[in-house]
Amino acid sequence: MTEEFKQFDKAPIIPIVTFNRWSFGLREVILAVIAGILLVMCLTFAGLFGNTNEKLANVPSASAIVGKRYCTDLGCLKTATRAVSLMNKSVDPCENFYQFACGNYKKVIPVLPNQGGRNVIKDLREVNEDRIIDVMEQPISALHDYAAERKLKKFFTSCNDMYSREKQRGLPILTSIIPALGGWKLLGTWDPATWDLNSAVKKVQSDFWVDALYAPRIAMDRSDGEKRIISLAAAGTGKYMQPWWYTSTYYSKVKEDYKKFIRRVGSLILRDAATLLDPPQGNATESEGLLEEFVNDTFTMESQIASLDQLGYDAWDDELYTKMSLGALTTETNNVIDWTGQLSYLFNTAGISASTKIDVTNMEYFTGLSEYLSSLPQLEMKRMLHNYLIWRVLESYVQEMSWEYIHANREIYVDLFGRAQFLGVYRYCFYLSEFYMGDALGHLYITQFLSKENKDTAHEISDNIRLALQSQISKTPWMDEPTRQYALEKLQLLDLKIGFPDWLANQGEIDDMYSSLIVNASDFFGNVIRMNQFRRAFWNADLRRRGTGHEEWTHAVYETTASFSMLWNEVAVPAGLLQFPIYDASQPHSSSFGSLGSIMGMFVHRFVDEWGKFTDKNGQIIGSGPGTWWSNSTVNNYKVVKQCVKEAYSNLTRTVLHPDDQWREVKVNASYAASSGIAWVNGVKLALLAYHDWSAAKSLDERLVPGLDMTYDQMLFLAHAQTACEVEDRWTAYMSAVYDGMDAELNVNTALGQLEEFSRAFQCKKQAKMNHAKKCQYY
């Protein structure tokens, strides 16, 4: 294949000049002459200035001369180049700042056909992915067999081995999965007399790692942050299907497309069972009717699950969660599912018993499901659940099969989302490697690409953000003194994690972590099954562990998404975010505070706002209502603040194309948007305050970025907006509109329009759209 890239010019445009055995093109001769001239110039300048070396040794660089107006360091030039490339200077910043800052983003970085949307954070993530993929494709450097790097690269190689997958077609499903689930009626191998619901669900959930009927997870115990607890939630609908698509009359085409997908995959399995197995399985005369029965049973079960799971989720609503023993849950759900048996099989080394307490999310779903199943005739219930469980596994593993199965998965994606281009196998294999061996990937990333200087200096941002919020709270008029003092104490205890945990840099620890994992470079499907069992063992160990989890990171270190955990009382900024343009030690600090600073400001703010009031300074959940650490007077005063913000968002709308191909206006959910909006506004405000404090503490007056003619404050606001630049296709725009109505343009413009500091920085007139007549009182 490499020879394909070695096609040299057979008749070069520039003629060849030959000297004895050496051949040169005219372009080489020209370049040689230019190089000679430059060499002479360098020697001349060296002679002229050679005697001044000693005098200049202690003189700062030209870009550091205090009196110079513009910064010409590489970091400043990169910042200027990027900023200008994204801007649309024809837009008045006081009328639409987002379009002023990001108007050219979709031209410079258009959304690709295989993507629903792009934004600056995703762009950075893609850069990180490409870097790691390049390393994954390099030869294995570790010599010992137990090395995590060796296992990671062998898994990635096996995933990309499409030749072996093509040879097998549907055999892995036919030989490894269907027999384990008691056969399949479609193939004539299922016996309802011997089939048992609890045994089948256990295998689907634990042996094949597929959510069906419910989703088990490990969570922090809401009553004790030192403990882990098993949580159960509703699950088991199609991976591309939204719950409301099953129940709404708007989505008839979507439902038919999904049924077509189920039918396609079932037909492929039927074909392979008849041609690859010895003896063949399946009955050609009955297969059409049995296939339709399979499709209808599956869709009926998933529709029922969707209809029972229509609850709106509020993470801090205590009534959403029910803490109870497994034995009690089995009794409450009429013994249809043996919950002790299910979870003691999944957590087979964690000592699970009928008295083990778990968190049940939306108890109504579980009681409703048991009532529905109990209402069905026994034989019909068995058949429907049997077909449904087979499909849940098929859909989950279809991308691990040959091209025809992958294509069926792509067809449903095109049917639902209208995107005919895809990630490609190598990127899918990267995501699969990330899912199973994320820490090994993280180790590769930090050892190869992380700038130590960026990790060390980024604390200047986080520390100053904390100090700015503490100063802000000290002056917040709607907080009474007890609430104010508690907020300050909570902020002092907040853990700001930057970069990565120290253990991730230790090669020995990473190797030990994956020491029990077996990877075969020629058995991809078997690797996936073994990876799932490896995760099962990890879950068991995690459930038994105690501690606050401060050494853990909820995101991979090469991620570009900062995160916060109320229960761990922490904000984490992964190493993947510590690079240009979000944060780089060489770029102007006004830009760094505007990008990374505003992100951190939003998250740090959350620990003392209407969300943060539900957890105490140690991360323990207090509850809702009068049980929070906010006093009654603070709660009442804040209602006035939030009502003002709601009004600022109440008239906002977006026009999006619905799945039925009709353009519809979607009104912003002002109640939801107001909470996020307060955090957004204050995040930017904190970034500005922190930048001013940092500059004052350093007695530093940063020089201007060339080519923009913008002040430091203006650069900060520009960097903030350009961190949010995005472009969406119709489906992504529709989904975000349905979720809360907001997009990047509404978020940026509404937040900055509320800030007096922004209007002052850009000298916006009173009637300007970005200078709201009514500005709310924040922190």
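Bear in mind that the values in this text are calculations on the coordinates, not laboratory data. Since we're looking at a predicted model, the values are computed, not measured. Please note: Cβ atoms are built from the backbone with ideal geometry, for glycine as well, and neighbour counts cover all protein chains shown.
Could you put Lys260, Lys613 in order, starting from the residue whose Cβ has the fewest other Cβ atoms within 10 Å?
Sorted ascending by nearby Cβ count, the order is Lys260, Lys613.
Given the Cα-Cα distance of Gln662 and Lys765 and 0.36 nm per residue of separation, how much length would full extension add, in nm?
Contour length minus Cα-Cα distance gives 33.3 nm.
Would you mind getting me the FRET efficiency between Glu757 and Gln777? Use the beta-carbon distance for r and R0 = 22 Å, nearest 0.05.
Efficiency, from the Cβ-Cβ distance: 0.95.
With a ≥ b ≥ c the root eigenvalues of the C-alpha gyration tensor of the stretch 75-142, is it rounded (a/c under 1.5), prolate (a/b larger than b/c) or oblate?
Cα axes put the stretch 75-142 in the prolate bin.
How far is helix 744-753 tilted, in degrees, relative to the longest principal axis of the Cα atoms in the chain, given as a value from 0 to 90 rounded to the nearest 10?
50 degrees
Rounded to the nearest 500, what is the 222 nm mean residue ellipticity of the chain from helices alone, with -39500 (n - 2.57) per DSSP H run of 4+ residues and division by all residues?
Rounded to the nearest 500, it is -16000 deg cm²/dmol.
Measuring from label point to label point, each 7 Å out along Cα→Cβ, what is the Glu481 to Asp92 span in nm?
Distance between the two pseudo-spin positions: 4.9 nm.
Taking the dipole about the Cα centre of the chain, with the C-beta of Lys and Arg at +1 and of Asp and Glu at -1, give me whichever of Thr81, Pro581, Val425 is farthest to the positive side.
It is Thr81, whose Cα lies furthest towards the positive end.
Of Leu488, Tyr436, Ile621, which is farthest along the charge dipole of the chain in the positive direction, counting Lys and Arg as +1 and Asp and Glu as -1 at C-beta?
Leu488
Taking square-rooted eigenvalues a ≥ b ≥ c of the alpha carbon gyration tensor, is the stretch 170-400 rounded, prolate or oblate, where a/c under 1.5 means rounded and, failing that, a/b exceeding b/c means prolate?
Because a/c hits 1.5 or more and a/b exceeds b/c, the stretch 170-400 counts as prolate.
Once you list every other residue whose beta carbon is under 11 Å from the beta carbon of Ser206, what net charge do they have if Lys and Arg are +1 and Asp and Glu are -1? Don't skip to the answer; put the middle values down first.
Details: positive: Lys202, Lys203, Arg535, Arg536; negative: Asp207.
Within the 11 Å Cβ shell, the charges total +3.
Between His407 and Ser85, what length in nm is gained on full extension when 0.36 nm per residue of separation is reduced by their alpha carbon distance? Intermediate results must be reported in sequence, preceding the final value.
Values: separation 322, 0.36 × 322 = 115.92 nm, distance 3.81 nm.
Difference between extended and current length: 112.1 nm.
With only Lys, Arg, Asp and Glu charged, each at its Cβ (+1 for the first two, -1 for the last two), find how big the charge dipole of the stretch 637-767 is about the Cα centre; round to the nearest 20 debye.
Once rounded to the nearest 20, the dipole reads 520 debye.
Can you tell me which of 746-759, 122-135 comes out highest on packing, and rank the rest after it, using the mean Cβ neighbours within 10 Å?
Descending packing order for the listed peptides: 746-759, 122-135.
If each of Ala537 and Val425 carries a label point 7 Å out from its Cα toward its Cβ, how far apart are those two points in nm?
Here the modelled spin labels are 2.9 nm apart.
Once the dipole of the chain is set up with Lys and Arg at +1 and Asp and Glu at -1 on Cβ about the Cα centre, which of Leu326, Ala219, Ala721 lies farthest towards its positive end?
About the Cα centre, the residue reaching furthest to the positive side is Ala721.
State to the nearest 20 debye the size of the charge dipole of the chain about its Cα centre, where the only charges are +1 on K and R beta carbons and -1 on D and E beta carbons.
1480 debye
Using Cβ contacts closer than 10 Å as the measure, can you line up Thr634, Thr285 from fewest to most?
Placing the least packed residue first, the sequence is Thr285, Thr634.
Sticking with the crude label model, points 7 Å out along Cα→Cβ, report the distance from Val127 to Lys154 in nm, one decimal please.
Roughly 3.5 nm, to one decimal.
Using the Karplus equation 6.51 cos²θ - 1.76 cosθ + 1.60 (θ = phi - 60°), what ³J(HN,Hα) coupling, rounded to whole Hz, does each residue of the stretch 122-132 give in order, writing x for Gly and Pro?
Residue by residue, the stretch 122-132 yields 5, 4, 5, 4, 5, 4, 4, 4, 4, 4, 5 Hz.
How about the stretch 395-494: which chymotrypsin sites (Phe, Trp or Tyr not before Pro) there lie in a loop by DSSP and see at most 11 other Cβ atoms within 10 Å?
Taking the stretch 395-494 and a limit of 11 other Cβ atoms within 10 Å, no loop chymotrypsin sites (Phe, Trp or Tyr not before Pro) are found.
Would you mind pulling out the separation of the Cα centroids of the stretch 110-131 and the stretch 659-708, in Å?
22 Å
Please get the size of the charge dipole for the stretch 170-400, origin at its Cα centre, with Cβ charges of +1 on Lys and Arg and -1 on Asp and Glu, quoted in debye to the nearest 20.
The dipole magnitude comes to about 400 debye.
With semi-axes √(5λ) of the Cα gyration tensor in Å in mind, check (i) 48, 35, 25; (ii) 49, 38, 26; (iii) 44, 34, 24 and report the label derived from this structure.
Given (i) 48, 35, 25; (ii) 49, 38, 26; (iii) 44, 34, 24, the structure-derived one carries the label (ii).
Stretch Ala142-Ser474 to full length: gain in nm at 0.36 nm per residue minus the Cα-Cα span?
114.1 nm
In percent, how large is the relative contact order of the chain, given Cα pairs closer than 8 Å and 6 or more residues apart?
20 percent
Show the residues, 5+ positions off or on another chain, whose built amide H is closer than 5 Å to the amide H of Thr615.
Under 5 Å from the amide H of Thr615: Ile622.
What per residue convex hull volume, in Å³, comes out for the stretch 165-207 when only alpha-carbon positions are used?
73 Å³
In a shell of Cβ-Cβ distance under 12 Å around Arg419, excluding Arg419 itself, what net charge do Lys and Arg (+1) and Asp and Glu (-1) give?
Details: positive: Arg410, Arg730; negative: Glu411, Asp415, Asp729.
Net charge around Arg419: -1.
What FRET efficiency do you get for Thr349 and Glu489 if R0 is 30 Å and r is their Cβ-Cβ distance, rounded to the nearest 0.05?
Calculated transfer efficiency: 0.15.
By the gyration tensor of its Cα atoms, with a ≥ b ≥ c the square roots of the eigenvalues, what is the shape of the stretch 706-779: rounded for a/c under 1.5, prolate for a/b over b/c, or oblate?
Taking the square roots of the gyration eigenvalues as a ≥ b ≥ c, the stretch 706-779 is oblate.
If you add up the charges near Ser474, with Lys and Arg at +1 and Asp and Glu at -1, over every other residue whose beta carbon is less than 12 angstrom from its beta carbon, what do you get? Kindly include the intermediate steps, with their values, before the conclusion.
Working: positive: Lys475, Arg484; negative: Glu481.
Around Ser474, the charge tally is +1.
Report the antiparallel proportion of the DSSP beta bridges in the chain as a percent, rounded to a multiple of 5.
Details: 31 of 40 bridges.
Counting only bridges with both partners in the chain, antiparallel ones make up about 80 percent.
Using θ = phi - 60° and the Karplus form 6.51 cos²θ - 1.76 cosθ + 1.60, what ³J(HN,Hα) does each residue of the stretch 373-386 get, whole Hz, x for Gly and Pro?
5, 5, 7, 7, x, 4, 5, 5, 4, 4, 5, 5, 5, 4
For Asp743, Asp92, what's the fewest-to-most ordering of other Cβ within 10 Å of each Cβ?
Values: Asp743 20, Asp92 15.
Ranking Asp743, Asp92 by Cβ neighbours within 10 Å, fewest first, gives Asp92, Asp743.
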